[in-house]
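Student: Can you read through this structure? Questions will come right after.
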Amino acid sequence: MGYDAVVVGAGPGGAMSAYNLSKKGLRVLIIEKRKLPRFKLCGGCISARIGSYLPEGWRYKVLNTIRGGILGFRGEEFVKGESEGEVAYIVDRADFDHFLTEKALQAGAHLWEGIEFRGFEEGNKIRVKTSKGTAECDFLIGADGFFSKVARQMGFNKERYYRGIEFWCDRSEVHEDISERVIIDIGILSRGYGWVFPKGNQASIGLATAGPENPLNKLKEYVSLHRLLKGADLRGAKSWFIPYAESHSDLHPGRGRVILVGDSAGMVDPLIGEGIYWSVYGAHLLTEAILKDNDNPARIYSELIRREMADELISAGKIASLAYRFQRASFRMGKGKALERFLHLLRGETSYRKLYTSGIPEFITSLLHFENFLHIIIDKILRRR
């Protein structure tokens, strides 16, 4: 059977690619290896700037609307940031992904679920091999996650990634009202952070590290240190990989008529590990590219990514490099205007580039203040000797 486009993977990037292309009149097939809805490891936090890219009805899938955040240091010190408006949303990925796929089907897409993707052959038509048989298409979209088979066949590898781990408990076990807040903790990992997110009546507790630490051991330490989590039970903790991009070479748009989106392409924020927004935005860009160039959409797509996405992710990477190297200084900044400015970012009212350039003077001041404090302490110790 022939299609204009075949999408491998029914996550946000794949489902929204299928939805957008179907709305434009293309004949689209989605191939998903598991039956929907299926469990998906993810903190499920989406920044509020995503709203204009989602189909009608998405708000009914929101479990918690986030209006503020708590920045913690080692689970012991905290600073609260509040917002007058919505800054993020919490969703259950099984339900959210299923909703987006259903919207794609309503727009005219077809779905093969419980079907394994086995590779592709390029020619006048792209032959997509699956456990159900072969489908032919003009465009192949790889949206099959961190271990993307489409990306692997093209020779793309993930060089940078976080290792995430999370478990769930009743929200009442968190000694703070987090119905409309998220907690982010730094100071516990060499590069990464811990989190406590509401998820309906439950709480998602986890961490993501790009350092050498053992995630499970650090999660145990995090929970034992955290004064808002005393007694939380880690049974059922699960782990996964989260790619991220902080340079042009970390983004893999694909080539020719084979395009990658979402985790398959490395489209994840290197500071906080947010991937859903970038996957959905990537689906918007690839739709524009396919409509503009039927022969080599990856060329247009690469240009769009470079112009409209890469600069933001690279700026986020610069912030991450400083923030995780000097975590105490970063926490001090959070007590000032930094946390408030970050909430503006989540609403789409500012950019990572602006946060980076405007925050450098404040960061240097905070760092120098902390360095001076260390010198005073060391001097006192030496005087006692």
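Student: May I ask you to list the residues in the stretch 167-185 that are closer than 24 Å to residue 339 by Cα and within 19 Å of the chain's Cα centre (by Cα)?
Tutor: 181, 182, 183, 184, 185
Student: Still on this structure, please answer the following. Evaluate the following for residue 35: is it in a loop (DSSP other than H, G, I, E, B), in contact (Cβ under 8 Å) with a residue 40 or more places away in the chain and of a type in the set (Lys, Arg)?
Tutor: yes
Student: Do you know which of the residues in the stretch 186-197 that are within 17 Å of the chain's Cα centre (by Cα) and touching a residue at least 60 places away in the same chain (Cβ under 8 Å) is surrounded by the most Cβ atoms within 10 Å (Cβ to Cβ)?
Tutor: 194
Student: Do we have any residue at all in the stretch 260-268 that's out of contact with any strand residue (DSSP E or B) (no Cβ under 8 Å at 6 or more places or on another chain) and either under 15 Å from residue 356 (Cα atoms) or polar (S, T, N, Q) (or both)?
Tutor: No, because not a single residue in the stretch 260-268 is out of contact with any strand residue (DSSP E or B) (no Cβ under 8 Å at 6 or more places or on another chain) and either under 15 Å from residue 356 (Cα atoms) or polar (S, T, N, Q) (or both).
Student: Checking the structure you have, find out if any residue of the stretch 111-132 is within 30 Å of residue 57 (Cβ to Cβ), among the acidic types (Asp, Glu) and assigned by TED's automatic domain parsing to the domain that holds residue 298.
Tutor: Yes, the stretch 111-132 has at least one match.
Student: Hey, another quick one. Quick check on the stretch 105-124. Is at least one of its residues in a loop (DSSP other than H, G, I, E, B), closer than 23 Å to residue 237 by Cβ and either touching a Pro at 6+ places or on another chain (Cβ under 9 Å) or charged (D, E, K, R) (or both)?
Tutor: Checking the stretch 105-124: not a single residue is in a loop (DSSP other than H, G, I, E, B), closer than 23 Å to residue 237 by Cβ and either touching a Pro at 6+ places or on another chain (Cβ under 9 Å) or charged (D, E, K, R) (or both).
Student: Let me ask you something else. Looking at the stretch 15-35, which of the residues that are over 22 Å from residue 131 (Cα atoms) and not hydroxyl-bearing (Ser, Thr, Tyr) is nearest to the chain's Cα centre (by Cα)?
Tutor: 16
Student: Step by step: first the residues of the stretch 242-265, then only those that are outside any loop (DSSP other than H, G, I, E, B) and of a type in the set (D, E, K, R), then the one that is farthest from residue 316 (Cα to Cα). Which residue is that?
Tutor: Looking at the filtered set, the residue picked out is 255.
Student: Name the residue that is surrounded by the most Cβ atoms within 10 Å (Cβ to Cβ), counting only residues in the stretch 338-362 that are more than 15 Å from residue 85 (Cα to Cα) and of a type in the set (A, V, I, L, M).
Tutor: Within the stretch 338-362, the match that is surrounded by the most Cβ atoms within 10 Å (Cβ to Cβ) is 338.
Student: Answer yes if at least one residue in the stretch 1-17 is free of Cβ contacts under 8 Å to residues at least 40 places away in the same chain and surrounded by fewer than 17 Cβ atoms within 10 Å (Cβ to Cβ), and no otherwise.
Tutor: no
Student: Picking from 211, 236, which residue would you name as being over 16 Å from the mean Cα position of the chain (by Cα) and loosely packed, with under 13 Cβ neighbours inside 10 Å?
Tutor: 236
Student: Taking the conditions exactly as written (of a type outside the set (A, V, I, L, M), closer than 28 Å to residue 277 by Cβ and part of a loop (DSSP other than H, G, I, E, B)), does residue 159 satisfy them or not?
Tutor: yes
Student: Sticking with this structure for a sec: Within the stretch 57-107, count every residue that is more than 22 Å from residue 166 (Cα to Cα) and either buried (at least 16 other Cβ atoms within 10 Å of the Cβ) or modelled with pLDDT under 95 (or both).
Tutor: Qualifying residue count for the region: 19.
Student: Just to check your reading of the model, which residue among 69, 81, 75, 43 is farther than 30 Å from residue 136 by Cα, in contact with a Leu (Cβ under 9 Å, 6 or more places away or on another chain) and part of a loop (DSSP other than H, G, I, E, B)?
Tutor: Matching residue, one of 69, 81, 75, 43: 75.
The values are calculated or read from the model by the stated rules, or taken from the named source; none is laboratory data. The model shown is predicted, which means the values in this text are computed figures rather than measured ones. Ideal geometry is used to build each Cβ from the backbone, glycine not excepted, and the neighbour counts take in all protein chains shown.
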